[in-house]
1. So Gln170 fits all but one of (1) over 27 Å from Gly82 (Cβ atoms); (2) near the ligand (Cβ under 9 Å from one of its atoms); (3) among the polar types (S, T, N, Q); what number is the exception?
2. Within the range 344-358, which residues are over 21 Å from the mean Cα position of the chain (by Cα) and touching a residue at least 60 places away in the same chain (Cβ under 8 Å)?
3. Is it the case, given these coordinates, that Ser185 is within 16 Å of the ligand (Cβ to nearest atom), assigned by TED's automatic domain parsing to the domain that holds Ala73, at pLDDT below 95 and hydroxyl-bearing (Ser, Thr, Tyr)?
4. Of the conditions (1) surrounded by fewer than 18 Cβ atoms within 10 Å (Cβ to Cβ); (2) within 25 Å of Leu23 (Cβ to Cβ); (3) more than 16 Å from the ligand (Cβ to nearest atom), Lys229 fails just one. Which one is it?
5. Tell me whether the range 100-108 contains one or more residues that are within 15 Å of the ligand (Cβ to nearest atom), of a type in the set (A, V, I, L, M, F, W, C) and in contact with a His (Cβ under 7 Å, 6 or more places away or on another chain).
6. Mind listing just one residue for me: the one in the range 10-27 that is surrounded by 16 or more Cβ atoms within 10 Å (Cβ to Cβ) and assigned to a loop (DSSP other than H, G, I, E, B) and, of those, modelled with the lowest pLDDT?
7. Checking Ala157 against (1) open to solvent by 10 Å² or more (accessible area, probe 1.4 Å); (2) away from the ligand (no atom under 16 Å from the Cβ): exactly one of these is not met. Which one?
8. Can you tell me which residue within the range 28-67, out of those that are touching a strand residue (DSSP E or B) at 6+ places or on another chain (Cβ under 8 Å) and not in a helix (DSSP H, G or I), is farthest from Thr227 (Cα to Cα)?
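The values are calculated or read from the model by the stated rules, or taken from the named source; none is laboratory data. All values derive from a computational prediction rather than experimental measurement. Positions of Cβ are backbone-derived with ideal geometry, glycine not excepted, and every protein chain shown enters the neighbour counts. Heavy atoms of the whole protein, side chains included, go into the accessibility calculation; ligands, DNA and RNA do not. Shrake-Rupley method; radii C 1.70, N 1.55, O 1.52, S 1.80 Å.
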Amino acid sequence: MTANQSSSTPGTANQTLNAWPLLTSENFKDVITCMSSGELSGSGLAVINAFERRAENWFGGGHVVSTSSGTDALTVALLALGIRPHDVVLVPSYTWGATAMAPLLIGATPRFVDIDRNSYNIDPEALTKAMAPDVKAVIAVHIHGMSCDMDPIMDIARSRGVPVIEDCAQAHGALYKNRQVGLLSDMGCFSMQKSKHFSAGDGGFLVTRDPVLAQQARNICNFGLPTPKQNYRFEEGQRDGYAVYRECEQIGGMYRLNPLSAALVKDQLEHLQPRIESLQAAMAPLLATAAQIPFLQITQPAPHQTHVWHKIRVGIGYEAVDHYGMPMADLRQGLRNSLAKSGIASTLWTAPILPLQKVFRPYAGTFDWTKSAGHLAIENSFIVFDEKYPLIAQEPATMASLVSKLRQVWTDHFSALA
Ligand SMILES: Cc1ncc(COP(=O)(O)O)c(C=O)c1O
């Protein structure tokens, strides 16, 4: 059975039963076991603990705390690092809104930093300029699956004593200098929403090397109650003549991962590496010949970085505007139409850049963001393939032929325009 087919009855072998997320009969069994256990809510549950310890093995270190979503992982990380209302948090100008929404949700202030037009990641030079005395944290996003240039980012932040959070929502398994993203900063935050390389439907987790931060995060996820990893009971006590029981000790909320989601995802980590490798193999011919494809811009990872291709963003070089005497918006729409006619879906994913989005405009400052590198890089680019695209990675031959078709349609489109 291929990943595109599905069956309604769970089999006995570790059979693929669902198109996307990739679910096997093992996953169904895990969910049923969780349901029969009756442990459908709470913290320190066996299934949550199993997922978190497995994820720690996968990272080869660190402490993992699961959360209800990637957005909540970011919110919890900010709270654990002591970010409070009105503190300034630097975020890249292009990312999913959740990155800037997390500071806003706790009353902090997002401040935007331009991105690099080739990698679409936060620009370390722009970050240096933005590092004002009121900055209390930085969130670096490994956008679309390629790691940021973390060394300069960490150097800039460390030299000012500012903590860094990595938003790894799109970058499970990406490496920087042979090190896993998530463990390159103070805290790494991941999403397990349905489009991600492994998925609980919805869910998230954070990872940190710091056991104190991990404990803080665990408490924050559970209403600010002191929360050990597993199997604990609160004792009734007395203080100053009154009863004390399940006392909330710090700020927190209900940010825990649902146990059914943990059951669904806990065996999926082992599928991640082969999935990434098949995507990288399919992308290699396109990257190797990118310079010969008319006006194609595509992110080329440096030798010390890997790209896990959560999203494939392609851009049209601005030279095409002069060459054809056409506005970029028309060039882009024309190309997308040609791709669509050949069965290649495309999406803008999210636009415009965050400082130009309605909710974030009050935080955009006085800079004219329409002149920023990020705005130009997003205005000439788009994402190819739709949300189900990680599914295609299950089938390396299909993936490779789609990438080659993309190359062909792109080349033909610009030849016909000439
Ligand atoms: C870069 C980025 N950050 C954060 C998130 C938020 O994750 P979630 O949807 O699990 O809340 C996403 C979600 O897609 C994302 O792409």
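1. Evaluating Gln170 over (1) over 27 Å from Gly82 (Cβ atoms); (2) near the ligand (Cβ under 9 Å from one of its atoms); (3) among the polar types (S, T, N, Q) leaves (1) as the failure.
2. Correct list: Ile344 only.
3. No.
4. Every listed condition holds for Lys229 apart from (2).
5. No.
6. So, considering only residues that are surrounded by 16 or more Cβ atoms within 10 Å (Cβ to Cβ) and assigned to a loop (DSSP other than H, G, I, E, B), the one modelled with the lowest pLDDT is Pro10.
7. So the condition that Ala157 fails would be (1).
8. Among those that are touching a strand residue (DSSP E or B) at 6+ places or on another chain (Cβ under 8 Å) and not in a helix (DSSP H, G or I), it is Gly60.
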